[in-house]
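To start, the structure under review is shown below, and the notes come after it.
The values are calculated or read from the model by the stated rules, or taken from the named source; none is laboratory data. Everything numeric here is computed off the predicted structure, so don't read it as measured data. Backbone-built Cβ (ideal geometry, glycine too); neighbour counts: all protein chains shown.
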Amino acid sequence: MGAVLRYAVPNGRLFEGALELLRRRGVWSGEWTDERMLYQRCGDVVVYRVKPMDVPMYVAAGAADFAVVGGDVLAETMGDATLGEGLGFGRCRLVLAGPRDVQMAKPGGALLVATRYPQWTKRLLRPMYPELQVVVLHGGVELAPAAGIADGIVDVAETGETIRRHDLVETVVLERTEARLVTARELLSASPGRRPLHAAALA
């Protein structure tokens, strides 16, 4: 029996696409038979099913050799939404959105936004809004303007339906991403100048 290859894949919206990719490439021939299981082995391949934001850390800690990861996660954790091979699914866009009846601050002014992606947001918006302030929320960011927490939101959107349902309007698309296949070598050599990811994983 050969060496075991370990893949980390995100649960949620990218999970089925990730498994289908592995099947199509002849890596994985099994079925995920138990939704409660967090890993399965098929032949010489082990697949870990983890939280999307945790995927890079599994690779960094040496627990996975390859990872299917959202471009949004790469942008937030590694500063590079284009790292690795683009897979053609899981496409989304990072948007700035605000209430339909409220004028958002013009570029150059102050802006207060809520987001799940603080590092990505600061990197893309601060050049336009030097006085940008970011409120970090872990879900339900569309509520922030109505609750008075922020002027607007920065979030990922696929169809934009959730944003429209909360009476918000997209004002600008900041970046477009898709699911990507990355290796341990790529992740560990990315983002020169910042603390090594493997060191952060073991802190």
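When the range 173-184 is filtered for residues that are of a type in the set (Asp, Glu) and in a strand (DSSP E or B), only GLU175 remains. Checked against (1) more than 19 Å from the chain's Cα centre (by Cα); (2) surrounded by 15 or more Cβ atoms within 10 Å (Cβ to Cβ); (3) assigned to a strand (DSSP E or B), LEU22 passes all but condition (3). For the range 115-133, the set of residues classified as within 16 Å of ASP72 (Cβ to Cβ), of a type in the set (A, V, I, L, M, F, W, C) and touching a helix residue (DSSP H, G or I) at 6+ places or on another chain (Cβ under 7 Å) consists of TRP120 only. Looking at the range 134-148, is at least one residue assigned to a helix (DSSP H, G or I), within 16 Å of VAL173 (Cα to Cα), of a type in the set (A, V, I, L, M, F, W, C) and modelled with pLDDT of 95 or more? Taking every residue of the range 134-148 in turn, none turns out to be assigned to a helix (DSSP H, G or I), within 16 Å of VAL173 (Cα to Cα), of a type in the set (A, V, I, L, M, F, W, C) and modelled with pLDDT of 95 or more. Taking the criterion of being within 15 Å of LYS106 (Cα to Cα) and crowded, with 17+ Cβ neighbours inside 10 Å, the residues of the range 133-152 that qualify are ASP151, GLY152. Considering the range 157-172 alone, what residues qualify as being in contact (Cβ under 8 Å) with a residue 12 or more places away in the chain and assigned to a loop (DSSP other than H, G, I, E, B)? Matches in the range 157-172: GLU158, GLY160, HIS166, ASP167. Just one of (1) at pLDDT 95 or above; (2) assigned to a loop (DSSP other than H, G, I, E, B) fails for ASP101. It is (1). Every condition in (1) in contact (Cβ under 8 Å) with a residue 24 or more places away in the chain; (2) in a helix (DSSP H, G or I) is met by VAL9 except one, and the failing one is (2). Evaluate the range 94-110: report whether one residue or more is without any contact (Cβ under 8 Å) to a residue 40 or more places away in the chain and aliphatic (A, V, I, L, M). Within the range 94-110 (the criterion being without any contact (Cβ under 8 Å) to a residue 40 or more places away in the chain and aliphatic (A, V, I, L, M)), the answer is yes, since at least one residue qualifies.
Residue selection: THR82 satisfies the criterion of being polar (S, T, N, Q) and surrounded by fewer than 22 Cβ atoms within 10 Å (Cβ to Cβ).
The requirement of being under 30 Å from VAL173 (Cα atoms), outside any strand (DSSP E or B) and in contact with a Cys (Cβ under 7 Å, 6 or more places away or on another chain) is not satisfied by ASP54.
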